[in-house]
Amino acid sequence: MNTSIESLVRPNILALKPYTSARDEFQSAPSAAVSPSEMVFLDANENSLGGPLEEDYSRYPDPHQKRLKAIIGAQRNLLSGQIFLGNGSDEAIDLLIRVFCEPGRDAVLLLPPTYGMYAVQAAIQNARIERIPLKPDFNPDIPAIRKAGKDCKLLFLCSPNNPTGNRFATEDVREILSFFPGIVVVDEAYIDFSATPSLTGLIDEFPNLVVLQTFSKGWGLAGLRVGMAFSNAFIIQMLDKIKYPYNLDVVTMRLLETALQCGSVVQEKIDTLLEERNRLAAGLNKIPCVKQVFPSDANFLLVRVSDADAIYARLCAQGMVVRNRSKEIHCENCLRITIGAPDENDRLLDLMKDL
Ligand SMILES: *Cc1c(COP(=O)(O)O)cnc(C)c1O
């Protein structure tokens, strides 16, 4: 593997010998002359009599999530070894920081306004946080990133960005990937709502690229907690090394396998939400207290209003909860509004008209 990427990894993580589960050891042993159904597994201290529920959950799940990775890989034209699955993409964010950032020494570069978890996970790891705000048009300030990025281990680029909703130009991301000396994490949580294709196709070209995606937004499975990281096999191995061995449970994996066969249902819902995004934006633009509706490649709209705090409070009082982002840089008086179901969007428009 590319030695420059290897040299970015914390030495203790590089040297770490990960936990091997009972089933790992068995799989690397010579195969027995017994058929699989006759095998007896007394190797993992599971409860041989089963659990109290009707369904049997007494066995540990596959720590390598082989079946899911095969399906996801086939759908995205990636190898299983280029895929990490975790408890939401939040787990991947946490593990990336822990693989690359020596506490108290290494830095991550963030481009605010952006997703809040990057800073929280960096702070937990006691990584230094450098910030280069997006330009007022919400695009990355490339010369400033070039300068500040010199001694940063990780850069988090969120595209489409939360909370601004815009996507970054692929040429800009390519340029950043070319000069940034550390790992560039492109968070594509909202890619299913975007007109641009995913950057997973650049993984072979840029050894410092990690792409994050999630089943929480476009796939409508936030409650299951499954996120993905795509990168070269070396970086994926580092994440796998430090994850909890059984980070996805049996129920989640089974349900996700079913969901992955329902791509056309998912796409229909996404199409509806995209139509609703247009309709909501048009409706909001006609309302006097709305000053600006920013273009969106996501399933939410960033909306500048006359007085965000007051409008937020009045919407809440009417049972309509949106996100007040007005304290974020360049987001003065801005609310972030998730695209709802058609009747929810009608209700929001009615409430906003009456303000
Ligand atoms: C919602 C969101 C996530 C979180 O995804 P999970 O898979 O639910 O953890 C990650 N990144 C961004 C930018 C998000 O908005």
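One table, with the values for the structure above:
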read-out: Failed criterion for E268 (all others in (1) farther than 30 Å from G73 by Cα; (2) in a helix (DSSP H, G or I); (3) charged (D, E, K, R) hold); value: (1)
read-out: Criterion violated by G104 - all others in (1) within 11 Å of the ligand (Cβ to nearest atom); (2) more than 17 Å from the chain's Cα centre (by Cα) satisfied; value: (1)
read-out: Selection within region 241-262 - over 29 Å from R10 (Cβ atoms) and not in a helix (DSSP H, G or I); value: L260, Q261, C262
read-out: Residue check for E25: over 30 Å from P181 (Cα atoms), of a type in the set (D, E, K, R) and assigned to a loop (DSSP other than H, G, I, E, B); value: no
read-out: Residues (within 15 Å of I97 (Cβ to Cβ) and touching a Phe, Trp or Tyr at 6+ places or on another chain (Cβ under 9 Å)) located in region 123-139; value: A127, I129
read-out: Residues located in region 42-57, provided they are loosely packed, with under 15 Cβ neighbours inside 10 Å and either touching a helix residue (DSSP H, G or I) at 6+ places or on another chain (Cβ under 6 Å) or within 17 Å of S21 (Cβ to Cβ) (or both); value: L42, D43, A44, N45, N47
read-out: Extreme residue, farthest from the ligand (Cβ to nearest atom), among residues of region 224-252 that are among the basic types (K, R) and touching a Gly at 6+ places or on another chain (Cβ under 9 Å); value: K243
read-out: Residue within region 141-152 that is assigned to a helix (DSSP H, G or I), under 20 Å from the mean Cα position of the chain (by Cα) and touching a residue at least 40 places away in the same chain (Cβ under 8 Å) present; value: no
read-out: Tally of residues being farther than 15 Å from N232 by Cα and crowded, with 18+ Cβ neighbours inside 10 Å across region 60-99; value: 16
read-out: Pairs, first under 28 Å from I191 (Cβ atoms) in region 285-314, second of a type in the set (D, E) and modelled with pLDDT of 95 or more, C-beta under 8 Å, six or more apart; value: R304/E332; A308/E332
read-out: Residue in region 157-173 that is hydrophobic (A, V, I, L, M, F, W, C) and within 12 Å of the ligand (Cβ to nearest atom) present; value: yes
read-out: Subset of region 88-137 [in a loop (DSSP other than H, G, I, E, B), in contact with a strand residue (DSSP E or B) (Cβ under 6 Å, 6 or more places away or on another chain) and small (G, A, S)]; value: A127
read-out: Residue check, L280 in contact with a strand residue (DSSP E or B) (Cβ under 8 Å, 6 or more places away or on another chain), in contact (Cβ under 8 Å) with a residue 60 or more places away in the chain and over 28 Å from R98 (Cβ atoms); value: yes
read-out: Single residue of region 214-240 satisfying the filter (in a loop (DSSP other than H, G, I, E, B) and among the polar types (S, T, N, Q)) that is surrounded by the fewest Cβ atoms within 10 Å (Cβ to Cβ); value: S216
read-out: Hits in region 276-295 (condition: more than 13 Å from L335 (Cβ to Cβ) and not in a helix (DSSP H, G or I)); value: K286, P288, P295
read-out: Test result for P197, under 20 Å from the mean Cα position of the chain (by Cα) and surrounded by fewer than 14 Cβ atoms within 10 Å (Cβ to Cβ); value: yes
read-out: Candidate set from region 60-87 (those that are part of a loop (DSSP other than H, G, I, E, B) and under 17 Å from L255 (Cα atoms)); member that is nearest to the ligand (Cβ to nearest atom); value: N87
read-out: Residue among L221, L260, L255 that alone is farther than 30 Å from C152 by Cα, among the aliphatic types (A, V, I, L, M) and within 12 Å of the ligand (Cβ to nearest atom); value: L221
read-out: Filter result (touching a residue at least 12 places away in the same chain (Cβ under 8 Å), within 28 Å of the chain's Cα centre (by Cα) and outside any loop (DSSP other than H, G, I, E, B)) within region 327-353; value: C334, L335, R336, I337, T338, P342, N345, L348
read-out: Counted residues, region 169-209 - those being part of a helix (DSSP H, G or I) and of a type in the set (A, V, I, L, M, F, W, C); value: 7
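The values are calculated or read from the model by the stated rules, or taken from the named source; none is laboratory data. Since the model is a prediction, treat every value here as computed from it, not as a measurement. So basically every Cβ, Gly included, is an ideal-geometry build from the backbone, and we count neighbours across all protein chains shown.
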